[in-house]
Amino acid sequence: MKKALFLDRDGVINIDHGYVGKIEDFEFVDGILDFIKSAQKKGYLPIIVTNQSGIGRGYYSLEDFEKLTDWMLKKMRQAGIEIDRSHVFHCPHSPDAGCNCRKPMPGMLLEAKQHFNIDMKNSWMIGDKQSDIEAAKNAGVGHTYLTEKNRKLDEKELYGF
């Protein structure tokens, strides 16, 4: 079984400008690529779990999201991170859809667990909203960290990481 580093996207991986759906609006949070690369060297599989209600609300299309995701993953690979599209789970639904994938529901994390045979107890979730942390706990993730939106992560603050 693999241990995972679950990451929210907006506010953790990229600056959250509100409904980021286009490449020109995407800006990596300072230091996040180095953080993910370091985690991967420690044996963590990076998994992105992101609510994307902008799709359900009609602010941008699924095609826009996929184009941006491909670009983001290319930049991550250029930084030395081993990651591909299978490592990204998203919920395209609006908050009132009642789905099981929108955080705080655990659907995306449980799907990743099944797909990658993840050891949830020894995995981490890093998010900038309480719903990220609740989703992780609902999925049985052993370690969580609630960071401030758009803030550089410091491994020293993640006790036991």
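The values are calculated or read from the model by the stated rules, or taken from the named source; none is laboratory data. Keep in mind that this is a model prediction, so the values were computed, not measured. As a convention, Cβ positions derive from the backbone with ideal geometry for all residues, glycine included, and neighbour counts pool all protein chains shown. Accessible surface areas use protein heavy atoms only, side chains included; no ligands, DNA or RNA. Shrake-Rupley method; radii C 1.70, N 1.55, O 1.52, S 1.80 Å.
Side notes on the structure shown:
- Measuring nothing but protein heavy atoms, the accessible surface of region 1-46 at 1.4 Å probe radius is 48 percent carbon and sulfur.
- Take region 25-89 with all the other protein chains still there, run a 1.4 Å probe, and you get 46 Å² of accessible area per residue.
- Counting every alpha-carbon pair across the chain, the share separated by more than 29 Å comes to 9%.
- Approximate spin-label separation residue 137-residue 71, in nm, with each point projected 7 Å along Cα-to-Cβ: 3.6 nm
- Spatially, region 35-69 and region 115-134 are offset by 14 Å when compared through their Cα centroids.
- Two-decimal log10 I(q)/I(0) for region 1-45, as the Debye equation yields it once each C-alpha is a single scatterer, q = 0.20, 0.34 Å⁻¹: -0.68, -1.18
- Computed from point charges on the beta carbon alone (+1 for Lys and Arg, -1 for Asp and Glu), the dipole magnitude for the chain about its Cα centre is near 500 Debye.
- Cysteines without a disulfide-compatible partner [the chain; Cβ-Cβ under 4.7 Å]: 99
- The chain - share of DSSP beta bridges that are antiparallel (%, nearest 5): 5 percent
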